[in-house]
Every structure is written in C-alpha cells, then in structure tokens.
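Have a look at the structure below, then the notes.
Please treat every number below as a calculation from the coordinates, not as lab data. From a predicted model like this one, the values you see are computed outputs, not experimental measurements. Virtual Cβ from ideal backbone geometry, glycine too; neighbours counted across all protein chains shown.
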Protein chains: 2
Amino acid sequence: MLSTMQDVPLTVTRLLKHGSTVHGTSRITTWTGEDEPHRRTFAEIGERSAQLAHALRDELGVADDQRVATLMWNNAEHVEAYFAVPAMGAVLHTLNLRLPAEQLVWIVRHAADRVIIVNGSLLPLLAPLLPQLTPVEHIVVSGPGDRSLLDGADVQVHEYEELLAGKPTAYDWPELDERQAAAMCYTSGTTGEPKGVVYSHRSIYLHSMQVNMTQSMGLTDEDTGLIVVPQFHVNAWGLPHAVFMTGVNLLMPDRFLQPAPLAEMIERERPTYAAAVPTIWQGLLAELTANPRDIESLDQVTIGGAACPPSLMEAYDKLGVRVCHAWGMTETSPLGTVARPPAGVSEADAMGYRLTQGRFPAGVEARLTGPGGEHLPWDGTSAGELEVRGPWIAGAYYGGADGEPFRPADKFSEDGWLKTGDVGIISPDGFLTLTDRAKDVIKSGGEWISSVELENALMAHPEVAEAAVVAVPDEKWGERPLATVVLKEGATADFEVLRDFLAEHIARWQLPERWTIIPTVPKTSVGKFDKKVIRKQYADGELDIKKF
Amino acid sequence: MLSTMQDVPLTVTRLLKHGSTVHGTSRITTWTGEDEPHRRTFAEIGERSAQLAHALRDELGVADDQRVATLMWNNAEHVEAYFAVPAMGAVLHTLNLRLPAEQLVWIVRHAADRVIIVNGSLLPLLAPLLPQLTPVEHIVVSGPGDRSLLDGADVQVHEYEELLAGKPTAYDWPELDERQAAAMCYTSGTTGEPKGVVYSHRSIYLHSMQVNMTQSMGLTDEDTGLIVVPQFHVNAWGLPHAVFMTGVNLLMPDRFLQPAPLAEMIERERPTYAAAVPTIWQGLLAELTANPRDIESLDQVTIGGAACPPSLMEAYDKLGVRVCHAWGMTETSPLGTVARPPAGVSEADAMGYRLTQGRFPAGVEARLTGPGGEHLPWDGTSAGELEVRGPWIAGAYYGGADGEPFRPADKFSEDGWLKTGDVGIISPDGFLTLTDRAKDVIKSGGEWISSVELENALMAHPEVAEAAVVAVPDEKWGERPLATVVLKEGATADFEVLRDFLAEHIARWQLPERWTIIPTVPKTSVGKFDKKVIRKQYADGELDIKKF
C-alpha cells in the first residue's frame, strides 16, 4: 500500500530558507576584540550565503560535489559557508586548525579540497603548507590578517568580501537528494590515519531536529548560545545548522578563546547557553575565580567532548549555571546522549544522573557488546563496548580503495553498527555511563580497572588540578594503573596523602602503585587527555616515577 | 560523493522500542468513570503491543499491508494498536465514530478493513452496520459493553484481553521501508466523498520529532498531557506516537468527554498540558464557571481544529492557562503551524501573535496563491490560498483507479503542493493568519469579506454565545454575509445593538444586512461550524431572517 505523503527531501537548503525567512531577525554576533562585536541577522546570512554560492560557482568554478574547505574560527562567515556550500550541492570540509601540519596536509590531499576559505588570522598556519596542498586551486581570505604571507603561492587568492560584493542575494538552489554528501570532518584519532566522516543532508537535518527537541539542548529564539566548541569540531556539535530551525541566536568567539575574553563576552553579551569541552570550562572557572564577572545570564551549558569531572560540575552549580553533560563523537554527528535527569527524581538522585553521559534520544539505538561479542543487558552493571545505530551515525569512512567507503572491522560491526571504542554501562532507563575508552581500560589480572574513575576520584581532591591515569605493563598483573597528577599552585599534598584520599572511594586492589607529578596533562588538538603521549613518556623513561 | 552515514529507516517501530525501554516508566492513565483510573506504563504498552501483533498475525492472519481499523475512544488499548499495527507492517485505520453511518460504511469498504478493534461501548454504533461492512472478517472487542449486540453477525468475534493473554511479550518486528504505509485517516470533508490520507512511517516519525521540538508543544517527561482531541482525529494530532520519543505521560479520557468529567479528571490527575478543539474548551469553561474546580496544574493547552475565538483565549488566560493556537488538517499530519510569539515582543504584541494560526516549523514550506495563480508576498496584507509542502504533508489521496493515489486539481497544485482551501495572510516573520475557508469567503462586489473576522467580532460581544457568518446570494453584490447568532441565556441584545457593536470593529461595507437568531450553530463530526447546513437552511427558507 502506497503512502500518500509528499516525497520532500530533508536538506540543508531547507534549513537555510527557513531560518533566513521565518527567523530572519535572529542574529549571529561575532566577537572582534574591539569595542563593538560584529552582528548579522539570519536574513543577512541567507543573502550572503546566496552571494557566496554565486561566487563559488561563477568565479571559482565549483561544481558538482567538489570539496570546499574552511580553515576558520567560529564566526558569521563560517556559518555562511556552512549553508552555501552544501545547499549549492558541493561538500563542506571543515579543517581542524589544531592538527599537526602533516595531518592537515594529509587531510586536504585525501579530501581533494579545491578551495580553502581561511580566516586571515590563520594565514601564518596555512601559508607554509600551501606548496604541499596540491589539490587546492583557490584560497579565499576572510577577516584581518597579513595577506602578504600568500605572496608567490601557486594558487588564486581571493578576498571573501570582494567575492561576495555585488553578487545576487538570491540563488536558485538545486533540489538535492537527501542522501547526498553535505559536509565532512576527519576524526582526529590519536592512532592511525585520520578517518573521514561524510555527513548527508538527511543526517544533518535529522540531527538538527534532535538538537532542538525538548530533551536535548531545549533552546528557543529567546536564547543566545555562546558556541565555544569549534566549528571544525563535529560542526560545532551541529548547533549552527540547528539554530536555523528555531531562531536561537548565536554568539561566536572567533579567535578569542582565552578565558579572559570568554568571561568578558559572557558578561557583555549575556548568552543564556554555552557549549564547550571541559578544558574550556576549567579555564573559565579559574578566570572567574581570579577576576569575577557577571555571568548570571548563563542558564545552561553543555559540556561534551570528554567526561566532565564532578568537581567541575559542582563548581558551576554554585555559580548558578546548570551543567548538562552530553556524549558524542565525530562519527555520531555528534549528539549521542544528553544527561537530563528523568522526571520525578530527587535533587540528590538527579546529580547521579547528571554525572552519567546521559540518555539516548529516539534516533540513537544503543547496545553493549562484551569481550566475547555477546550483547549485554541494560542493568546498570554489565560493562561492554558501546555500539550505536541511527540515521546520523556513521556506517563507514570516506575514501577506501577506488573512492568507495571503507568499514574497518574494529570500527563497525558486521551488521553495520558503529563500535564507539568506549566502554560503559547502561541503566534500565537508558542512561549511559562511560567508564573508559576501550583502549584505556586497565586490564589487571583478568579484571578491568577504569582509568576515568580513578581520574575523577583524584581530581576531587582540593589540591589536584588535573590527573590522568594510564595502563602500564606489569609483570605480575599484566597491566597496572599509573597516576599522573598536576597539582595546584602551592599544593602540599604528597602521593601518600593522595593515595589515602583515593582509598576512601576506590577498591584497594585498583589503587595505583605508580605515581608521578607532571606540569600539565598532554592534550589532543580538541582538548582531550592524550594518553598515548603519557604512555610513550613512561615507556621512554621520561617520567619520574615514585612506586609504593 | 557518497555520504558515509548509516541508512537507518525512520519507523514507528523505532518509536515503540525507544519509548518502551528508555521511557519505560512513563504512563498512560485512562479514565474509567470509577474511583480509580486505569494506569499502564510505556513498558507495559510495549509488551502488550507485541502481544497484540502476535494475536493479529497468528490468530487473525493479518499479513502484509492489510488494514486493521479501530473504532475506539482515547485509551491505552488504542495506543497499543497505534504501535502494534504499523510496527508489524500492517496499516492502522482509525475510524471516526462521529461520522454518519453511511460514511462509516463507505470508508470501511473503501479502505478494505479486514479487522476492526472496537470499544465495547461503541458496539451499539457498529453492530447495526456490520452486514454492510463486507471486507470485515474479525471484530476484536475491548472494554465494557454488551457483546450480545454481535450475536448472529457474520464475522469472527474476539475479546481483546483474551487474544493478548499468554502471547509472547516480545515480537521480532520486521525492518520496514520508511516510506511504507503506516496509518490512514479519511478527511471528514463537508463536501464530496471522504478522502483517504495514508501516513508513512517516515511522515509519522518526522512529525513526532516536530511535536517534541521546543517551539511546538515543548513537552518533556515531567509533563502529563490530557489528550481530548480524539485518536480518530488525525491521530490525536500525533501525540500518542510523539510521546514515545520523550516520555511525556498521557491522560486519556476514554468516552468521558463531557465537561463535568473532564473538569474532574483535570482536578484529580493534574495534567500540565491538554489538547482539544475550541468547542471542548467552550464547554469546559462553562462547566468551570458553574462548578469551579482546581485546574491550576494546567500550564499550557493547544487549541486546534478550528480558529479559537479571542474571547475564549482571554478567558483561559484569566484562569492561568496559557492557550497556544495551532493549525493543521488531516492532510498535514496535522502540525502545520504553532502560535508561539517570537522572542522579545511585548505582552501586548504577544497577544496579536497568539491570535494568529502561528508560525511554520522548518518542515513545512508555505506559500500564498492569489486568484490568478500568482504567488503572493509574505507582507502581512496580501491574502491568498495557503499551499504547503513538506515531508509530513499529503501529496495525494488514497485509492484512485486501480488503487493508484489520485490528486484532484482543486486539492494539489501541479508542482505537488497541497492546496489547503484556507485563505489567509503571512507576516514577514512567517506567522499565518487564516481569514477564511476559500469556500466561505464572501465575494461581495469584487471584494472579499472574511466570515471568520465577522464571527470573532460578534463573539466578542458579552451576550453572544456563538455566531456563524455565511455567504448568501445577493442580487446587487453577488454575495453578502448572513449573521446567525446564538445568544447567551437571559441576553437582551437585539440585532441593532449587535450591528452597532460590530460597526466599532468592522468596515461599514462589510456589515451584514441579514440576521437571524438560532438555538445552536450546526457542527461537523469534529466540532467545526458546519456552514453547509446553514446555507442550506437559508436556501430552504428555514431561517427567520431579519433584514435591515
């Protein structure tokens, strides 16, 4: 029996048209470091996206599904690229400006980027790499920065504003297949080559709906969202696309990501919402402690990208900012879970729920797979690798042999589910608690020790600034935990004090025997603890280990 | 370029699995008229839906896309059918129990319903029709009612609870194509044959997401929704499916739709939300005035199905109940617009927005088409017929020649948009104001007069209970408005008083010359003003007309 419904594709184009008309007066405010930030309405974004599409097609010859890359901060122009490039049928490739140079080069070549739109302030990063970026024919520069860095480069150089000037403010957007590629990100995996995830119009549209559902971010056009999470990091968690559905205003920090300007822009622009990784929140907290600011406009913040230490959540609670934990990854668009406590729980129980990764939305199916490949019950105790399935979850990576997608067996199950590489438990009511990365679990004498649990327990100590725990080889047990600790300034605690503190919360057999003080925990380009580096430092004998 | 996203279908099955696990403790409460209402968790609904699917397949032989009809009130069993039938791959057909008998017969035969699940209390309606319901092989009876009415009927009769008893509480739901038929409704059009709209799994899934977005109903699992709008009326506005995404609790009135029991269930069960057509809210208001009840739990109500008189909205405002206007139709699933004022408007301006039909969500594209087929601007003044397009909007009707869908030219544009038959204006920020049904507009001397505007102005008079305005033939002007008025008990106003009252709000040339008092406005089966009946009464000389 045939449905009689219209067959209307779910496309980024539809988001652009809707947001720039129905929510035409909503605004994107971009921080400039000057007295006045820059403001642009969604209606203007719509017109400028049309101008950008005209420029890309008519002057730069972008056609079909060619890749247009961005090397940009969070700003209004970057949002214009978010809409213009997919809506014209091409593929937006957001480049992670924190990647090591050799990875950036590898990614640009692998994606075959024909155009790079770059913020002028990032030319010192881009210019030296240009000779190696063989597929790139056009560089479009936006915003302040020294253009002379591009002198002599074997590419055509354009000014963003000059390209747009005088172009028509409407574009006859093509009707696209919703399964067509719209945007791509490479995972900044700590091991192996970066892997490309290619989002479809359909996946972006559905993910945008999910972001706007009551139990996700839950924002309306009365809100202003400070988007600290970079647009090159899983599309800033999908927020720039999503807000065009509901008219949520955006506050974009551009390159001003240090704690002091962030605190200033919160005080001055009064966002109601903010999104960032934990390290940003750590830094902001320290800044606010040193230089108090009025941040009372902030009602809710989403912390994602890494587990949020409970101490950090509690600190923001005290400031009247409700921290909401979320989990996701490049491969999940990224919204995988959001930690809103279920209805009817007490304040005390609510904290327990808030400290989990959160609850799966209807669009994300989840299962736990044990070491033997068996699927484990949602009983709150059985720990297994999390596997997920859904319309905004990757089922392959870009660019295997002959341009076909490829599906490494350690990343995807035989029946097509994404193997997240995260180990955790799920409660009967669908709340996920991640205990570790599968590769960071410490396999000690046939039992698993969670490195994250040890870290959180350590970071709850008032004199500990940060702590990372990694598995190190042990003759007797196979592996044992090594605790690496960053102490706060003026701290007096020694290892024995910390070990006794840990023992109050952690089973005795799980307590680390190996300890070291480090000046700072090494981080990946997106701010996660880079445990690979610590393991290597240990293996190379570079750490001063105290064992007891 | 291929997207690397998983190709996961959007299905009702997915809603069922999600709601019955992640939101397993949310509840459906069904009013029974006894001391205690009946309560069932979403987890139990999940198990019983599996049992129902087993029964339908194994005992009644339901296969493929056969139709399983329901003739039921709003209750937990009806929700079980909402999930079991589509999830097993069959098609749910909700029968409108208020339709005239001959239309019900026509619809059952047209849809080829093989099974009817019926509430026992509705057997007096169904039993006499059975000899004419030739496709029907099985009747499944649920809830109290006299079974002997079915004695001698040429169908197999089953007890709902007996069918389910002992069946497995899990079902190996098939993986379905998201474009497959899931459910169908017939429009209760006031002219011509009823027209079947066939919803797909995709359209129901996407509509459910929209219902749960912040700018639609905006509910969470902390809410309880009293669903007065019948499940046979556009799937109760999609709410029973939608709540399985977010765990919103439901309060179902079953057959107790009179103002007194509704007031009682609000006081006792404390819903935070309710959904119904204006006539229900009129009745409830009169009941609350006569017999005050504590309804302070009610925070928000959606009024749809017909335009809400401003006086009604203001009356509920005074009771602390925020009325939110919504517009839709069977062909739009039905969510077409929701009237939430945009951010930043004053209280006074907010009322202006709340009295519109509302703003289009991202999934609904809209345009206005003028008398000459031209598309009109969204300028807040150009009036045209509203046409809509989107993934949960019908593009055809069920059952043309050879079972193909058919698309009458007066219902669908050549490029596939639904012609709603509603005339209205759209503001630059996307708020729709409907002024009339295209067929109810009064064409007077080359100008259009809105019958709805006249009605609202009339109903604002304190002595007017209801008023309907229809076009009647006029030698000089072509058509002129006829005002039919229902006065409140003890009213003393005469036509001249009412006419002077109207003249304060309406241009003089639009004032009706023809007036009549009627005891009540005739209504359609879903509670809308039935102007066809009034026009016929006028043509037949049955109305006592005062002309001046």
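Some notes on this structure:
- Tail weight of P(r) past 18 Å, computed on alpha-carbon pairs of the stretch B:144-289, percent: 70
- Compactness index (Cα Rg / 2.2 N^0.38 Å), the stretch A:103-168: 1.10
- Sorting A:161-171, B:357-367 by their mean Cβ neighbour count within 10 Å, with the most densely packed peptide first, gives B:357-367, A:161-171.
- Residue by residue, the stretch A:249-263 carries 3J(HN,Hα) couplings of 6, 10, 10, 10, x, 6, 8, 9, 9, 6, x, 5, x, 4, 4 Hz when phi is fed to the Karplus relation 6.51 cos²θ - 1.76 cosθ + 1.60 (θ = phi - 60°); x denotes Gly or Pro.
- Cα gyration tensor, the stretch B:75-185 - rounded (a/c under 1.5), prolate or oblate: oblate
- Once C-alpha pairs closer than 8 Å and six or more residues apart are averaged by separation and normalised to the residue number of the stretch A:349-431, the relative contact order reads 35 percent.
- Loop-resident chymotrypsin sites (Phe, Trp or Tyr not before Pro) (DSSP state other than H, G, I, E or B) in the stretch A:72-134 with no more than 10 further Cβ atoms inside 10 Å of their Cβ are absent.
- Position residue A:61, label points 7 Å along Cα→Cβ, spacing to each other copy in nm (shortest first, one decimal): 6.8
- If both residues of a DSSP beta bridge must be in the stretch B:108-259, then about 35% of such bridges are antiparallel.
- Across B:488/B:546; A:17/A:167; A:318/A:488; B:195/B:547; A:443/A:532; A:439/A:476, pairs whose alpha-carbon gap is larger than 27 Å: B:195/B:547
- Under the combined filter of DSSP loop state and at most 16 neighbouring Cβ atoms within 10 Å, the stretch A:425-495 retains these GluC sites (Glu not before Pro): A:463, A:475, A:489.
- Taking the inverse of the mean 1/r over every pair of distinct Cα atoms in the stretch B:344-439 gives a Kirkwood hydrodynamic radius of 14.5 Å.
- By definition, a body whose alpha carbon gyration tensor gives a ≥ b ≥ c is oblate when a/c is 1.5 or more and a/b is not larger than b/c, and the stretch A:197-268 fits this oblate description.
- Note on B:13-23: average number of Cβ atoms from other chains within 10 Å of each residue's Cβ is 4.
- The local environment of residue B:516, defined by Cβ-Cβ distances under 9 Å, has a net charge of +1 under the rule Lys, Arg +1 and Asp, Glu -1.
- Helical mean residue ellipticity (222 nm; -39500 (n - 2.57) per DSSP H run of 4+; nearest 500) of chain B: -7500 deg cm²/dmol
- Computed over the stretch B:1-156, the alpha-carbon pair-distance distribution with 5 angstrom bins reads 2, 9, 17, 19, 19, 14, 10, 6, 2, 1, 1, 1, 0, each value a whole percent.
- Each principal axis of the Cα cloud of the stretch B:1-84 was evaluated for its coordinate range; sorted largest first, these ranges are 62, 31, 19 Å.
- Across peptide B:198-209, the mean count of Cβ atoms from other chains lying within 10 Å of each residue's own Cβ comes to 4.
- With viscosity 0.692 mPa s and temperature 37 °C, the Kirkwood radius over alpha carbon pairs of the stretch A:392-548 converts through Stokes-Einstein to a diffusion coefficient of 188 µm²/s.
- All C-alpha pair distances within chain B, sorted into 20 Å bins from zero, spread as 21, 55, 23, 1 percent across the bins.
- Taking all C-alpha pairs of the protein assembly as shown, those more than 60 Å from each other amount to 15 percent.
- The ranking of A:138, A:23, B:38, A:241 by Cβ neighbour count inside 10 Å, starting from the fewest, reads B:38, A:138, A:241, A:23.
- Neighbourhood charge, 15 Å Cβ-Cβ cut-off, centred on residue A:487 and excluding it, Lys, Arg +1 and Asp, Glu -1: -4
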